[in-house]
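Worksheet: one structure, shown below.
The values are calculated or read from the model by the stated rules, or taken from the named source; none is laboratory data. Just so it is clear, the model here is predicted, and its values are computed rather than measured. As a convention, Cβ positions derive from the backbone with ideal geometry for all residues, glycine included, and neighbour counts pool all protein chains shown.
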Amino acid sequence: MRPDKYAQVVVVGAGPAGLLAALTLAREGRDVILVDRKRQVGVPVRCAEGVGREALQEYVPLRPQWISATIRTVRLVAPSGEYVQLGRRMDGLVLDRVVFEEDLARQAAAAGARIFLNTYAGGLLMGPSGVEGLRLECDGQHRQVGCRLVIAADGVESRVARWAGIDTALALKDVETCAQYLLEDIDVDETRCDFFFGRREAPGGYAWVFPKGSGRANVGLGISGREAAGCSAKELLDRFVTKHYPQGRKAHFVAGGVPVSRSLRKPYASGLLVVGDAARQANPLSGGGIIPALEAGRLAAQVAHRSLSEGDVSEKALSRYRTAWNRSLGRSQNRYYRLKETVSRLPDRTLESTARALQDVDPEHLTLFRVFATALRRHPRLILDARYLFLPSV
């Protein structure tokens with residue numbers, strides 16, 4: 001069947017990875033279609049919305065309207081309530097992701113990208129040489145779009161990659177079940193993020209408080225998929241909120257899965273690139289995905305533009321994307337994954353003793369390296385497991 005539309009590139013998913021890929025390619029003069037099943041870009045927000053200012057500015061010029069709060073310090077809270085505070089040269093941001101992503105979408109459209117919301121990807125069009133387009137559905141209407149290249153940015157549940165035969169399966173230990181409220185009318189330090197650890201609070205994960213300004217905060221938690229069978233992330237979150245913010249007003253609730261794994265071994269196929277959560281590119285230790293997604297979107301766009309210029313979108317040509325990812329964030333992601341595996345085995349008593357040991361250290365001189373080194377000191381076997389985490393990439 002002859003496709004109804006044509007484009008050089010179709011991007012599936014209007015999150016940070018898909019938006020930056022579409023924007024970058026459109027600015028290069030490429031004919032780009034961006035589709036997303038949501039009715040509004042950026043909604044719902046399944047994210048604590050935290051980023052580093054300097055990291056974000058590597059990808060896009062910062063706009064004040066994106067910023068909900070500026071973060072100067074972080075607290076790591078042990079089960080007893082004792083905490084370690086970090087404050088060394090910290091310059092973090094909590095974004096308003098709806099405003100941020102809508103702005104990126106407007107920029108992409110202004111650069112020439114065609115954006116279709118409330119549009120579902122229903123399958124790939126395959127040809128002798130690989131992916132040649134997509135089947136789409138919008139308001140009950142079915143269309144086919146032919147293209148040279150598809151970029152799959154359709155999140156942790158990515159179907160597009162699976163349709164191309166890419167193995168996207170996640171082990172239970174490599175996915176976190178997360179739940180989050182936007183709480184209002186709470187007393188919160190609007191320059192500080194808090195992270196709560198312990199098997200009672202969030203088994204296999206942690207709870208977080210990210211201020212949003214005006215007495216609001218993203219308050220959520222994630223638990224390891226291995227623990228999800230025995231408890232509900234929402235039940236644990238409700239218990240956490242009742243304990244810490246009993247007067248808070250629950251303005252919004254979201255839940256979902258976050259990959260905390262190594263990135264896909266092969267995030268490409270002939271005519272296809274996979275980016276962001278779909279490629280398991282979130283930070284495995286923190287679950288943070290905005291900056292890795294932006295990096296993946298930019299790298300994918302660069303490889304796509306070069307491959308289209310050369311007239312070659314074969315697997316071999318597109319494998320340059322995996323090489324570029326490894327040189328950029330891939331190797332550090334592997335170290336974070338090993339650190340996650342190590343930290344997940346620390347008992348609560350170690351978290352308590354670490355907090356006590358570092359209680360009187362000046363936050364300006366306290367680093368994550370020192371926190372982890374202190375936590376691991378009494379666990380020689382774990383130190384051996386983690387010894388390569390702090391070495392430079394090779």
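Scanning region 42-56 for residues that are assigned to a loop (DSSP other than H, G, I, E, B) and of a type in the set (D, E, K, R), which turns out surrounded by the fewest Cβ atoms within 10 Å (Cβ to Cβ)? Reasoning before the result, please.
Of region 42-56, the ones assigned to a loop (DSSP other than H, G, I, E, B) are 42-49.
Now narrow it down to the ones that are of a type in the set (D, E, K, R): 46, 49.
Details: R46: 19, E49: 22.
Out of the qualifying residues, it is R46.
For S270, the conditions (1) within 30 Å of L339 (Cα to Cα); (2) in contact with a Gly (Cβ under 7 Å, 6 or more places away or on another chain); (3) among the hydroxyl-bearing types (S, T, Y) all hold with the exception of (1). Among the residues of this structure, R148 does not count as one that is among the charged types (D, E, K, R) and in a loop (DSSP other than H, G, I, E, B).
Of the numbered criteria (1) closer than 30 Å to A48 by Cα; (2) under 24 Å from the mean Cα position of the chain (by Cα); (3) of a type in the set (A, V, I, L, M); (4) part of a strand (DSSP E or B), the one V84 fails is (2).
Considering every residue within region 107-115, establish whether at least one is part of a strand (DSSP E or B), modelled with pLDDT of 95 or more, surrounded by fewer than 22 Cβ atoms within 10 Å (Cβ to Cβ) and out of contact with any His (no Cβ under 9 Å at 6 or more places or on another chain). Quick ask: steps written out before the conclusion?
Quick first cut of region 107-115, residues part of a strand (DSSP E or B) only: 114-115.
Adding the requirement that they be modelled with pLDDT of 95 or more leaves 114-115.
From what's left, surrounded by fewer than 22 Cβ atoms within 10 Å (Cβ to Cβ): 114-115.
Imposing the further condition that a residue be out of contact with any His (no Cβ under 9 Å at 6 or more places or on another chain) reduces the set to 114-115.
Yes, region 107-115 has at least one match.
Within region 225-265, the set of residues being modelled with pLDDT of 95 or more and touching a Ser or Thr at 6+ places or on another chain (Cβ under 8 Å) comprises just one member, L264.
Quick one: which strands (runs of 3 or more DSSP E) lie wholly within region 213-312 and hold at least 2 residues that are in contact with a Leu (Cβ under 7 Å, 6 or more places away or on another chain) and surrounded by 16 or more Cβ atoms within 10 Å (Cβ to Cβ)?
Numbers: elements: 216-224, 249-259, 272-274.
Counting at least 2 such residues, we get 216-224, 272-274.
Only residues that are among the hydroxyl-bearing types (S, T, Y) and outside any helix (DSSP H, G or I) were counted in region 320-348, giving 1. Note on region 65-101: residues that are surrounded by fewer than 17 Cβ atoms within 10 Å (Cβ to Cβ) and under 20 Å from L20 (Cβ atoms) total 3.
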